[in-house]
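Okay, so here's the structure we're looking at.
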Amino acid sequence: MACFQRAVAGALVLMSFFVGLSQAKDLLVGGKTDAWKIPSSESDSLNKWAEKARFLVGDSLAWKYDGQKDSVLQVTKEAYASCNTTSPIEEYKDGNTKVKLDRSGPFYFISGAEGHCEKGQKFVVVVLSQKHRYTGISPAPSPAEFEGGPAVAPTSSAYTLRGGFLVAFGVLVLGLF
């Protein structure tokens with residue numbers, strides 16, 4: 001009976017570990033409500049924020065901005081590099097925009113307000129595929145693949161750390177049975 005209880009407890013720990021890793025997140029662009037603006041400096045660029053985050057398929061990006069004065073355009077790599085606002089893939093103007101990252105690879109976003117993109121109000125996120133989710137290694141695109149300051153998603157130990165805590169918790173639980 002004790003062996004069965006340990007097996008069930010172990011299975012529950014493993015299930016919670018994998019469920020925790022697969023949960024999609026809503027990410028506020030820039031980590032704050034007033035981030036969608038012309039950056040005051042290079043270090044204030046949204047690409048700097050995106051470089052520190054990890055984006056997975058199923059996550060969503062959320063923007064809060066004044067929809068009367070600005071918009072968010074999802075664009076191609078070429079439109080991103082040239083700040084071309086004429087033919088966006090998608091245009092969002094509601095001031096409370098949410099975009100689901102539904103595939104792996106780069107997503108390019110620029111401001112639709114005149115002159116804002118040229119002043120740095122743009123960013124790129126690189127979404128990791130499902131097969132890269134647990135490796136702890138982010139894909140590193142070649143420097144020539146992106147122009148204008150790409151935001152390459154760095155590796156993050158947050159999932160590994162959370163997984164480590166869950167495994168330690170499981171060992172503790174198993175030791176109690």
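The values are calculated or read from the model by the stated rules, or taken from the named source; none is laboratory data. Just so we're clear, the structure is a prediction, and the values are computed from it rather than from any experiment. Glycine gets a Cβ as well: all are built from the backbone with ideal geometry, and neighbour counts include every protein chain shown. Keep in mind that these areas ignore ligands, DNA and RNA; they rest on the heavy atoms of the full protein, side chains included. Shrake-Rupley method; radii C 1.70, N 1.55, O 1.52, S 1.80 Å.
Overview of results
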item: Unique match (being surrounded by 12 or more Cβ atoms within 10 Å (Cβ to Cβ) and at pLDDT 90 or above) among 31, 67; result: 67
item: Cβ pairs under 6 Å, 6+ apart, first in segment 76-94 and in contact (Cβ under 8 Å) with a residue 60 or more places away in the chain, second open to solvent by 70 Å² or more (accessible area, probe 1.4 Å) and among the polar types (S, T, N, Q); result: none
item: Residue count, segment 92-107 (criterion: in a loop (DSSP other than H, G, I, E, B) and open to solvent by 20 Å² or more (accessible area, probe 1.4 Å)); result: 5
item: Qualifying residue in segment 81-91 (condition: under 16 Å from residue 60 (Cβ atoms), open to solvent by less than 40 Å² (accessible area, probe 1.4 Å) and more than 13 Å from the chain's Cα centre (by Cα)); result: no
